[in-house]
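Everything below concerns the one structure shown next.
Each value in this text was obtained by applying a stated rule to the coordinates, not by laboratory testing. What you see is a predicted model, and the numbers here were worked out from it, not measured in a lab. Here the Cβ is made from the backbone with ideal geometry for all residues, glycine too, and neighbour counts use every protein chain on show.
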Amino acid sequence: MARKKSSPVEDLVIVISKLPWWIGVALALVSYVVLHSMASRPMLPTAATPGQMGDAAVRSITTTLAMFGQYVLPFAFGLGAVLSAVAAARQKKLYDTTASRPGVGALNDMSWQEFEMLVSEHYRRKGFQVIREGGNGPDGGIDLVLRQKDEIYLVQCKQWKAYKVGVQPVREFYGVMASRGAAGGYFVTSGEYTADAKSFAQGCNVELIDGQKLRLMINAARTKSAIAPQSITPPQAASTPACPKCGKEMVRRVARQGSNAGKEFWGCSSFPKCKAVFPLEGTH
């Protein structure tokens, strides 16, 4: 059965939903401001020459399109941003749930869409800006584009469980990397790689990540995020001792004469009724 053809607006929503949510919000605001200003332009005066008639016709068409577009485009961008935010929340929950399950069994239980979301969240937490391209389904295509500074990295995900990935898919992935000028690439699978695939990747800027390695990477990231900075407790002020004779609170005093002149000592607060004293350094 043929797939139903989607409308341009639906296609736009899908594209925006694969971008970070804040991009959709920014595009919605900018498109509304620009199109609203175009829709609010005054009509040209009555045309007297053919040239003026042409200008008036163009102005009328663009103004009419802007009147509709000022609502349609921001709506599409906004809806895409909402879908992106929802997907990001699901992605985060999936990652945390997977991180709490030991072994690679959690990876094998996923659909290929969930596996792609897991990998996307992992690289997002590593500081990359992640754009999901979606690939061509479970077995091919570039799934993620990672951006960091001025460089891009490509990611292909193959949720093939215990299947061994051979050299051919890795070679094709490297070809796409070269054609798109990527600084590097990550080929991720929940299974394993053949010896030929590993040998080929050694001569390229391609990192092969199997299920076991991905599991270790997730565990390491989770452990790192779980280590909270240790709170620094400010030094406590020295406690004020009680007078050993009468039990009143002691106060700091400075000797004014004698061999200890200028030195601090503890003296009873009830002085001169109580004349108990002892050295300041004698307290703990």
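Taking 0.36 nm per residue of sequence separation and removing the Cα-Cα distance, the residue 58/residue 101 pair yields an extension gain of 9.3 nm.
Candidates 218, 146, 189 compared by Cα position along the dipole of the range 105-226: farthest toward the positive end lies 218, with charges placed on Cβ. Converting phi to 3J(HN,Hα) with the Karplus coefficients 6.51, -1.76 and 1.60 and the offset θ = phi - 60°, the range 203-211 yields x, 10, 8, 10, 9, 8, 10, 8, x Hz in sequence order, with x at every glycine or proline.
Cβ-to-Cβ counts within 10 Å put 199, 179 in ascending order as 179, 199, the fewest first. Label-to-label distance, residue 275 versus residue 178, with points set 7 angstrom from Cα along the beta-carbon direction: 9.9 nm. For the pair residue 29 and residue 86 in one chain, pulling the backbone fully straight at 0.36 nm per residue adds 18.5 nm over the alpha carbon distance.
Calculate, for residue 5 and residue 133, the FRET efficiency according to 1/(1 + (r/R0)^6) with r their C-beta to C-beta distance and R0 22 Å; round to the nearest 0.05. E(calc), rounded to 0.05, equals 0.60. Overall, the anisotropy analysis places the range 53-211 in the prolate class: the square-rooted eigenvalues a ≥ b ≥ c of its C-alpha gyration tensor yield a/c not less than 1.5, with a/b exceeding b/c. Between residue 195 and residue 40, the distance separating the two model label sites (each 7 Å from Cα on the Cα→Cβ line) works out to 7.2 nm. Checking the cross-link pairs 126/213; 5/158; 126/149 against a 18 Å limit on the alpha carbon distance flags 5/158 as lying beyond it.
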